[in-house]
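Working notes for the structure below.
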Amino acid sequence: MSNALRAVRGMNDLLPADAPLWAHFENIIRDWLKSYGYREMRTPILEHTGLFKRAIGEVTDIVEKEMYTFVDALNGESMTLRPEGTASCVRAAIEHSLLHDGGKRLWYAGPMFRHERPQKGRYRQFHQVGVEALGFAGPDLDVEHLLMTARLWKKLGLAEFIQLEINTLGGAEARASHREKLIAYFAAHIDQLDADSQRRLHTNPLRILDSKNPAMQVLVEAAPRLMDELDEAALTHFEAVKQGLDDAGIAYRVNTRLVRGLDYYNYTVFEWVTDQLGAQGTVCAGGRYDGLVAQLGGKPAPACGFAMGVERLLVMMAEAGLAPAPDAPDVYVVNVGDAAARAAPVIAETLRDAGLDVVLHGGGGSFKAQMKKADASLARFAVLIGDDEVAANQVTVKPLRGEYQQNDPQLGQQRLAIADAIELLKG
């Protein structure tokens, strides 16, 4: 039996073959967020457990079943690897008084951790890009976030695969009234509830509406509607969001059963969904959470935001053939001979000084073997260095791509002074 160590299940390595797609995605993300005036922040991956219990809600799947929580052996405090980014972002904004001079548009990216069954595009260590607008009231920021994400799908080449669903959760008074009606309704049909729903009945009945159990869908569809409890302010806010989407030509579907899995949401909630990932169809979700800043100890401030699952979007991009070509150097340096082996590192540095991306062959080997490596690197040129070239202070430049991808070893190659070679390589 092998004793080789393996990665923790659901926590994956990023291998070189996958890195170009990640880099391509991240470059698009940075340019996209910059164009909307959002500024990056970074928070620790480890937080006090109480932060997530207060923010997310103790009677949620995340807090009850999915968080990686442990007791710090040094001080006995309960610590948790962050399962989502909003709570950490708001905590940091409060701690560092970021809102003292007005609202802030913020974004973050990085790993999150949830103990759930790994499946396509869903892992125990996963990555999110999150966007938070803190200190802004009104529906205009809700609309901005929806227009932002619609633009991103176009930039990523995924617009045809992703659809928008929206809903409103209203204010606290409407949700309290709706909660009592839900409890009464589901209690009257308790024999039809699965174990999870029975457990949530008196603690978080709104989450029953989000049940994916096929046997409960008829029951859920007939449940009292939160929309019937909304006051004029909530309805006006929601109508303004829909009007903003209509004005921008963004298609959407109102899903009155959309509640989200976190307790801090109010008013607008939304999900961008796809049928390309099987059961895990949500690739981006968010909404308004006007009470969270005060809930975590800050001065009351409105807020809204969203987060997207990076792995899920990358799976879709790869399957749609949108992955970029592998990274390739400009030059692969082949060297044969003792003098050439000593000179090659210096010549390679000279080429890099000129702004070229250069791979220097290492580990020795015959000329033929090195040329195979050069071709496999996808470099545009091979720079050949032998003892004769060193003696003449020259190199031989051989094109590797296009018409020069032939078996003739002499085709297209030129022996040049290093300065002339650089001019050719950069041309």
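Please treat every number below as a calculation from the coordinates, not as lab data. Remember, it's a predicted structure, so these values are computed and weren't measured experimentally. Using ideal geometry, Cβ is built from the backbone for each residue, glycine included, and neighbour counts are taken over all protein chains shown.
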For residue 132, the net charge from surrounding residues (Cβ-Cβ under 9 Å; K, R +1; D, E -1) works out to +2
Around residue 255: net Lys/Arg minus Asp/Glu count, Cβ-Cβ under 9 Å | 0
Mind giving me the nanometre distance, one decimal, between the label points for residue 256 and residue 401, set 7 Å out from Cα along Cα→Cβ?
-> 5.7
Please compute the net charge surrounding residue 78, taking Lys and Arg as +1 and Asp and Glu as -1 over other residues with Cβ under 15 Å from its Cβ.
-> -2
Taking segment 331-426 and dividing mean pair separation by its residue count, relative contact order in percent (alpha carbons under 8 Å, at least six apart) | 30
For segment 331-426, take the alpha-carbon Rg, divide it by the Kirkwood Rh, and send me Rg/Rh.
-> 0.92
Are there trypsin sites (Lys or Arg not before Pro) in segment 62-142 that DSSP marks as loop and that have at most 15 other Cβ atoms within 10 Å, and which are they?
-> 120
Where does each of 11, 67 land when they are ranked from fewest to most other beta-carbon atoms within 10 angstrom?
-> 11, 67
Report the relative contact order of the chain, percent, no decimals, based on alpha-carbon pairs under 8 angstrom and at least 6 residues apart.
-> 15
To the nearest 10 degrees, the tilt of helix 338-353 (Cα long axis) against the first principal axis of the alpha carbons of the chain is 50
Which pairs, out of 242/299; 120/212; 155/242, put more than 21 Å between their alpha-carbon atoms?
-> 242/299; 155/242
In Å³ per residue, the alpha-carbon convex hull of segment 160-210 encloses 101
Most exposed to least, judged by fewest other Cβ atoms within 10 Å, 112, 79 sort to 79, 112
Under 21 Å Cα-Cα from residue 426, which lysines qualify once same-chain neighbours fewer than 8 residues away are excluded?
-> 398
Simple spin-label model, 7 Å along Cα-to-Cβ: residue 96 to residue 159 in nm?
-> 3.5
Take every Cα-Cα distance within the chain, group them into 20 Å bins from 0 onward, and report for each bin the whole-number percent of pairs it holds.
-> 21, 43, 23, 12, 1
Segment 107-146-segment 281-356 distance, computed between alpha-carbon centres (Å) = 17
Of 348, 360, 419, which is farthest on the positive side of the dipole of segment 331-426, counting Cα position, with +1 on Lys and Arg Cβ, -1 on Asp and Glu Cβ, and the Cα centre as origin?
-> 360
Sorted from largest down, what three extents in whole angstroms do the Cα atoms of segment 1-120 have along their principal axes?
-> 62, 41, 28
